[in-house]
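The values are calculated or read from the model by the stated rules, or taken from the named source; none is laboratory data. Please read these numbers as outputs of a predicted model, since none were measured by experiment. Glycine gets a Cβ as well: all are built from the backbone with ideal geometry, and neighbour counts include every protein chain shown.
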Amino acid sequence: MFINWGLGELNLKIVYYGPALSGKTSNLQYIYARTPPHLRGRLVSLKTQQERTLLFDFLQLEMGKINNLKPKFKLYTVPGQAYYAASRRLILQGADGVVFVADSQAGRSADNLESWYNMEQHLVELGYDISSFPIVVQFNKRDMQHIMPTNEMRRQLNIAAYRPCFEASAIRGVGVFDTLKAAMTAVVAQVRKSA
Ligand SMILES: Nc1nc2c(ncn2[C@@H]2O[C@H](COP(=O)(O)OP(=O)(O)O)[C@@H](O)[C@H]2O)c(=O)[nH]1
Ligand SMILES: [Mg+2]
């Protein structure tokens, strides 16, 4: 969180985290496409021709005032591929909350698990208290075949009962804004608590 008192801005950072190809970029693309231009900045994607995501995607959103401060949400995605661990950690730095985008396909469960534990490890190393850190979970790709039941995914990832979870189909836009709103609410609530 960063408050610019001069401009009356509250800067909040939400990171979309998850394994490669789970649909993190698709979430930001849908949010970008469905947000009025005066409330959003450009969708910046840093990638090469070969790589799916080299570094990150970035999108800034403005919201109505909270306590006379104008909140600006900075949304980032992390690259999911194993060799980008250092980038993921860097992007998580200063995060006020995370949306964990899990791939619902049965064949991806080991990737979800690995990504979840890597996320927890990074958060601990960065000094966060995981139990109070806002993490919203999205079970994406619900439109596909051979998907796992969400309660099984919850159990496998050992997701605490108090964590908000949403089913989604990011390419169709299903569940994308529900997930985002829950993340924004959780982040603002946490900032209020610590203020
Ligand atoms: N069927 C389906 N495909 C999806 C969904 N979300 C993402 N994809 C596809 O999965 C691939 C990876 O998505 P992307 O957003 O780039 O994943 P990222 O690596 O997590 O950023 C792309 O081909 C997307 O079109 C979804 O909900 N359903
Ligand atoms: Mg991506």
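Brief remarks follow.
- Of the residues making up the range 121-137, not a single one is within 16 Å of ligand 2 (Cβ to nearest atom) and buried (at least 21 other Cβ atoms within 10 Å of the Cβ).
- Residue within the range 116-131 that is farther than 12 Å from Ser22 by Cβ and among the β-branched types (Val, Ile, Thr) present: yes
- For the range 128-181, the tally of residues that are touching a Phe, Trp or Tyr at 6+ places or on another chain (Cβ under 7 Å) and assigned to a helix (DSSP H, G or I) stands at 5.
- The residue that is surrounded by the fewest Cβ atoms within 10 Å (Cβ to Cβ), counting only those in the range 60-90 that are among the small types (Gly, Ala, Ser) and within 16 Å of ligand 2 (Cβ to nearest atom), is Ala82.
So that you can scan it fast, the table gives a plain yes or no per residue for (1) at pLDDT below 95; (2) more than 13 Å from ligand 1 (Cβ to nearest atom); (3) hydroxyl-bearing (Ser, Thr, Tyr); (4) in contact with a His (Cβ under 9 Å, 6 or more places away or on another chain):
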site	(1), (2), (3), (4)
Thr48	yes, yes, yes, no
Phe56	yes, no, no, no
Ile66	yes, yes, no, no
Lys70	yes, yes, no, no
Phe73	no, yes, no, no
Leu90	yes, yes, no, no
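- Filter pass, Leu21 being within 16 Å of ligand 1 (Cβ to nearest atom) and of a type in the set (A, V, I, L, M): yes
- Among the residues of the range 30-41, none qualifies, meaning not one is near ligand 2 (Cβ under 10 Å from one of its atoms), assigned to a loop (DSSP other than H, G, I, E, B) and modelled with pLDDT of 95 or more.
- Subset of the range 144-179 (residues that are of a type in the set (A, V, I, L, M, F, W, C) and within 16 Å of ligand 2 (Cβ to nearest atom)): Ala168, Ala170, Ile171, Val176
- Selection count, the range 120-148, where residues are within 18 Å of Gln93 (Cβ to Cβ) and not hydroxyl-bearing (Ser, Thr, Tyr): 13
- Where Leu157 falls short, out of the listed (1) of a type in the set (A, V, I, L, M); (2) surrounded by 19 or more Cβ atoms within 10 Å (Cβ to Cβ); (3) over 25 Å from Asn118 (Cβ atoms); (4) modelled with pLDDT of 95 or more: (3)
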